[in-house]
Amino acid sequence: MRVTFTVNGREESAEGVWEGESLLYVLRERLGLPGSKNACEQGECGSCTVYLDGVPVCSCLVAAGQAEGRQVRTVEGLAEGDRLDPVQEAFVECGAVQCGFCTPGLVVQAHDLLERVERPSDAEIREALAGNLCRCTGYEKILDAVRLAAARKAPGKETVA
Ligand code: FES
Ligand code: FES
């Protein structure tokens, strides 16, 4: 079947999509967007997180056909041209990236949190990222990165504990 949807602001089509094929597979293997990672393919790790109509989802669990006519935004779509999103910048600066497998999903999930909550508490950050597994960093640097991004996006605002 043919699937057409908008990815990072551009209409894209994929031909010959199998009924059970995942959105993640189409993004990575058919549309050349390898940012979203395939780590577990079972909805357990969050590495494949993308926005679907503005809501973060595990793209390995979404059938590509379900994305027909909808808006998808991947980690590649967060930057503006050469300018990284503050969340992406903070992950790099804080050393929150090691092997990088978890990073795209964490960045999308953290980006969503900061769109909804300007200065999240540590508990809110932990809760928002609870579905994203990282085997390398021990999570502290990831928390540092989200705190830094929040401070930069909403300077002068205090964290509400
Ligand atoms: S690859 Fe989708 S949740 Fe792990
Ligand atoms: S940096 Fe390797 S899994 Fe998170």
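Read-outs: derived from the displayed coordinates by stated rules, not from any lab. Owing to the predicted nature of the structure, the values given are computational and were not obtained by experimental measurement. With ideal geometry, Cβ positions are generated from the backbone for all residues, glycine too; neighbour counts draw on all protein chains shown.
Numbers for the structure displayed
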| item | result |
| --- | --- |
| For the stretch 12-96: rounded, prolate or oblate by the Cα gyration tensor [a/c cutoff 1.5] | prolate |
| Mean projection area, nm², convex hull over Cα of the stretch 86-153 | 3.7 |
| Antiparallel DSSP beta bridges within the chain, as percent of all bridges there, nearest 5 | 85 |
| Environment charge of residue 68, counting only residues whose C-beta is closer than 15 Å and scoring Lys/Arg +1, Asp/Glu -1 | -3 |
| Net charge dipole size for the stretch 86-153 [Lys, Arg +1 and Asp, Glu -1 on Cβ; Debye, nearest 20] | 60 |
| Within the stretch 3-74: Cβ-based charge dipole about Cα centre, in debye rounded to nearest 20 (Lys, Arg +1; Asp, Glu -1) | 280 |
| Other-chain or far-sequence residues with amide H under 5 Å of residue 22's (modelled H) | 64 |
| Reachable aspartates and glutamates, given that their alpha-carbon falls under 15 Å from the alpha-carbon of residue 141 and they are not under 8 places away in the same chain | 89, 93, 122 |
| Mean-position separation - Cα centroids, the stretch 90-112 and the stretch 17-50, in angstrom | 17 |
| All aspartates and glutamates inside 13 Å of residue 157 as judged from Cα atoms, apart from same-chain residues fewer than 8 positions distant | 118 |
| The chain: Cα Rg divided by the 2.2 N^0.38 Å rule of thumb | 1.04 |
| Listed peptides 112-124, 139-151 by packing density, highest first (mean Cβ within 10 Å) | 139-151, 112-124 |
| Electrostatic dipole magnitude of the stretch 45-161 [Cβ: Lys, Arg +1; Asp, Glu -1; Cα centre; debye, to 20] | 120 |
